[in-house]
Each structure stands twice: as C-alpha cells, then as structure tokens.
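Encoded as structure tokens, the structure appears first; notes follow it.
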Amino acid sequence: MLVLIRIDDRLIHAQVVIGWYEECRPDRIILADDKVGDNEWEKKLYISAVPSDIKVSVLSLKETADRINQGVYNKERVILLVRGPEQAFRLYENGLEFDELNIGGMHYREGREKVIGELYISEDEKSVLRELVKKSVILEARALPGDEKVIMNSRIV
Amino acid sequence: MSDTSGRTAGIIVTHGRLAEELVRTIEGILGKVEDFYSVCSEDYCDSVIVDKIKEIMKKYKKENIVLFVDYSGGSCFMNCARATEGIEGVKVISGVNLPVLLDFVTKKGVLNYKEMTDHLVKRGRDSINGAS
C-alpha cells in the first residue's frame with residue numbers, strides 16, 4: 001500500500017525518514033530512480049540513511065511500477081520517492097497511476113525559480129507537472145506532514 | 001589568494017543555517033578564525049552543496065581538511081561523502097557541537113591530523129552529559 005508518493009530531489013534524508021515517520025509508519029521506502037540503481041556506492045549511501053527497522057528497495061522506474069502493480073508490496077506501508085517531476089511522470093507512463101503526488105523537496109539550482117515556500121521549479125519541470133495535472137493528479141506541496149497542505153495544480157500554469 | 005598549503009581547514013556542513021551560526025558563535029568567543037568555513041544546506045540542491053564543499057576543499061591539501069556535519073546519515077553527511085568520494089583520509093565528523101569546534105580551532109596547530117580528529121570525536125562524546 002502506497003502511503004506517500006513524493007518528489008524529493010534529496011531522495012532519502014532525515015525529513016523523510018524522521019519527519020514523515022509518525023504520519024506514514026512505513027514498512028518500506030522505495031527509491032525509484034534509474035541512475036541510483038546503477039551506482040552501488042550511491043545506493044549504499046542512501047540505504048545507510050534508513051533505520052534498520054524500515055526496509056529499502058532501490059529500483060528502476062519501470063521495476064517500481066511493475067512490482068507495485070503486481071501487488072508485491074500490498075501488505076506493506078510504502079513510501080515511494082522520486083527525484084523530480086520527470087521521474088514521477090515516467091512512473092505514471094509505466095502504468096503506476098496515482099491520484100495524489102506530494103511535492104516535498106525541490107531545492108534551488110540553476111534554472112529553477114521559487115514557486116512557493118522552499119520549492120523551486122524550472123519551466124521544463126512545470127510543463128511535466130502540467131501533464132500530470134491533465135491526468136487528474138492532485139499536486140500537494142508540503143515538506144512535512146504538519147505543514148499547510150498547498151494544492152499546486154493552479155500554480156504551475 | 002593567501003597560501004593555504006600546510007594549513008588545516010574546517011568545513012562545517014549543516015541543515016538550515018546552523019553552520020553559519022556555529023561559525024558566528026565560535027568567532028564571537030575567539031575572534032576571527034582563518035580556514036574555517038560554513039556550508040548551509042538551506043534551499044539548495046545536493047549538487048550545489050557538493051560543489052560548494054569541493055570548491056573550498058580545492059584550496060587545501062586533502063590531509064589537512066576536517067569536515068563537520070550535524071547529523072550522521074543525513075543529507076549533509078551524504079553530501080560530504082559525495083564531495084570526498086575517492087579521496088582517502090578526509091575525516092567527516094558528525095554530531096558537531098560547540099566544544100568540538102572550539103577544540104578544533106584552538107588545537108589544530110598543535111596536534112597532528114590523526115591525534116586531532118581522534119581527540120575531536122572523543123571531545124564531542126564527552127561533552128554530552130545528563131543533568132544530575
């Protein structure tokens with residue numbers, strides 16, 4: 001069972017494993033990314049950041065969509081992380097349809113502009129998010145569960 | 001740029017603006033400190049933070065750099081690991097606190113690298129006490 005689908009360019013970090021723990025009580029975190037899975041060093045680094053009572057899977061985007069759709073994680077509470085809108089869209093295109101997407105961490109880098117709070121989004125990323133909106137996905141901006149939930153669908157035009 | 005060869009640098013990497021405040025606080029106690037840097041994660045992407053750390057590291061010999069982070073396993077810790085990937089011998093000390101930094105600044109010219117980093121880890125642990 002997916003309890004959170006989140007865009008966070010830091011992927012696994014304290015805000016996710018500690019900040020969302022009480023709200024989500026995850027059994028597993030899935031880091032869905034085509035680059036991290038191919039880099040053993042980076043993979044180990046992310047896994048090392050997760051407490052031992054939470055399982056971690058580092059999967060490609062396609063594997064993630066396939067395994068979730070096959071029901072592999074049906075009995076677990078799962079946090080699913082992707083690094084950006086492109087990866088979220090590709091999950092959707094790979095058959096993982098979802099209704100709500102948490103925009104939790106998009107930090108400043110060249111080309112991105114502040115949209116709301118501490119969220120920075122580039123024009124290209126906005127256009128990908130618009131594609132998700134067309135598929136009726138609710139985009140909710142919230143770094144932590146206690147933050148105000150801001151629906152972003154009309155803010156990325 | 002001044003000659004930094006042979007000098008020991010401390011780079012504090014933390015969440016929010018904590019690193020900047022730690023440097024400010026240390027300098028409020030000891031006065032201006034050379035070769036002492038803050039990198040604050042604030043709203044920046046990991047890649048930006050890693051570049052900032054690498055930019056500072058370039059000025060020093062690798063065996064003379066100590067990285068301090070606030071939280072072991074957090075994003076700052078991971079970014080220090082990324083910045084030092086493939087570089088042997090650079091110590092990353094987590095759980096940074098004022099006693100550790102005060103000792104770093106006042107002892108870095110006296111102890112060798114190994115003695116100093118061992119001392120700093122012990123100092124950090126010893127500085128945490130329960131009230132009695």
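The values are calculated or read from the model by the stated rules, or taken from the named source; none is laboratory data. Please read all numbers here as calculations on a predicted model, not as lab measurements. Positions of Cβ are generated from backbone atoms using ideal geometry, with glycine treated the same way; all protein chains shown enter the neighbour counts.
Listed by position, the helices (runs of 4 or more DSSP H) contained in the range B:73-127 that have at least 2 residues being away from every other protein chain (no Cβ under 12 Å) are B:98-107, B:113-126.
Looking only at residues in the range B:27-59 that are farther than 14 Å from B:His15 by Cα and part of a loop (DSSP other than H, G, I, E, B), the one that is farthest from the other protein chains (Cβ to nearest Cβ) is B:Gly31. None of A:Ala88, A:Ala65, A:Ala49, A:Ala141 is of a type in the set (A, V, I, L, M) and modelled with pLDDT under 95 except A:Ala49. Looking across the range B:28-46, the residues that are in contact with a helix residue (DSSP H, G or I) (Cβ under 9 Å, 6 or more places away or on another chain) and on the phi < 0 side of the Ramachandran plot come down to B:Ile29, B:Leu30, B:Val33, B:Phe36, B:Tyr37, B:Ser38, B:Val39, B:Cys40, B:Ser41, B:Tyr44, B:Asp46.
Within the range A:4-55, the only residue that satisfies the criterion of being part of a strand (DSSP E or B), surrounded by fewer than 20 Cβ atoms within 10 Å (Cβ to Cβ) and touching a Phe, Trp or Tyr at 6+ places or on another chain (Cβ under 9 Å) is A:Arg28.
Yes or no: A:Lys75 basic (Lys, Arg), surrounded by fewer than 17 Cβ atoms within 10 Å (Cβ to Cβ), away from every other protein chain (no Cβ under 12 Å) and not in a strand (DSSP E or B)? Against the criterion (basic (Lys, Arg), surrounded by fewer than 17 Cβ atoms within 10 Å (Cβ to Cβ), away from every other protein chain (no Cβ under 12 Å) and not in a strand (DSSP E or B)), A:Lys75 qualifies. Can you tell me which residue is nearest to B:Leu101 (Cα to Cα) among those in the range B:7-26 that are surrounded by fewer than 22 Cβ atoms within 10 Å (Cβ to Cβ) and within 14 Å of another protein chain (Cβ to nearest Cβ)? Looking at residues that are surrounded by fewer than 22 Cβ atoms within 10 Å (Cβ to Cβ) and within 14 Å of another protein chain (Cβ to nearest Cβ), I get B:Leu18. Taken as a whole, the condition of being away from every other protein chain (no Cβ under 14 Å), part of a helix (DSSP H, G or I) and under 11 Å from the mean Cα position of the chain (by Cα) does not apply to B:Leu67.
This table checks each residue for (1) under 30 Å from A:Gly117 (Cα atoms); (2) surrounded by fewer than 19 Cβ atoms within 10 Å (Cβ to Cβ); (3) touching a residue at least 12 places away in the same chain (Cβ under 8 Å); (4) in contact with a strand residue (DSSP E or B) (Cβ under 6 Å, 6 or more places away or on another chain).
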| residue | (1), (2), (3), (4) |
| --- | --- |
| B:Cys76 | yes, no, yes, yes |
| B:Ser94 | yes, yes, yes, yes |
| B:Val110 | no, yes, no, no |
| B:Gly124 | no, no, yes, no |
| B:Ala131 | no, yes, no, no |
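Look through A:Leu96, A:Leu45, A:Leu101 and report the one residue that is over 11 Å from the mean Cα position of the chain (by Cα), of a type outside the set (Ser, Thr, Tyr) and away from every other protein chain (no Cβ under 13 Å). None of the other options fit; the residue is A:Leu96.
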